[in-house]
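Shown next, in structure tokens, is the structure this report addresses.
The values are calculated or read from the model by the stated rules, or taken from the named source; none is laboratory data. Quantities reported herein were computed from a predicted structural model and do not represent experimental measurements. Backbone-built Cβ (ideal geometry, glycine too); neighbour counts: all protein chains shown.
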């Protein structure tokens, strides 16, 4: 399976929490996704599942056009609902919600706020989507967002959600997930090593057993 973050948007450029807001990719974002599609030409991708949100759907459409594969909309791939944080930068969130933001930095899996989805909820829906994708006859690419990618990888690899903020997920980043683990497409770097350091023994589980 392939987990791809959408290309750049205006909110990304301003470093604001976009949440489930609807906005298109920037021209740079479209170019990022086209470049990724070219790298994926040699991979055997059978279909693309995309979040319902516009920036992911636009990314999926670009990938599908270049790779010549069908797409389907999947609500389980939607970005985490950010509630009162949506539209604000990280600095603004820290100023307006100091206690909640401090907890988000220290123990993101413990944060609970009205109107804001929890990491556990995102992880639950991503685990379900990954399990369904693993049962398909061909490889599935997810066009999705930061929170679903982080939560999906952590869940699939048997790692705790408290590691959530350790993984950097750039625009148009692509992670390859299989029975051996997960790695970045662009450089082959192990996600487990990135999250935990060398010497981590992978749990005896696979994506198909989520």
message: Looking only at residues that are over 15 Å from residue 115 (Cα atoms) and touching a strand residue (DSSP E or B) at 6+ places or on another chain (Cβ under 6 Å) in the stretch 74-87, which one is surrounded by the most Cβ atoms within 10 Å (Cβ to Cβ)?
response: 77
message: Can you name every one of the strands (runs of 3 or more DSSP E) wholly within the stretch 129-210 that holds 1 or more residues which are at pLDDT 95 or above and within 23 Å of residue 118 (Cα to Cα)?
response: 139-144, 174-178
task: Could you tell me whether any residue of the stretch 109-123 is more than 19 Å from the chain's Cα centre (by Cα) and more than 25 Å from residue 53 (Cα to Cα)?
output: yes
query: For the stretch 2-25, which residues satisfy the criterion of being buried (at least 18 other Cβ atoms within 10 Å of the Cβ), assigned to a loop (DSSP other than H, G, I, E, B) and at negative phi?
result: 6, 7, 8, 17, 18
task: List the number of the failed condition for residue 123; all other conditions in (1) on the phi > 0 side of the Ramachandran plot; (2) touching a helix residue (DSSP H, G or I) at 6+ places or on another chain (Cβ under 6 Å) hold.
output: (1)
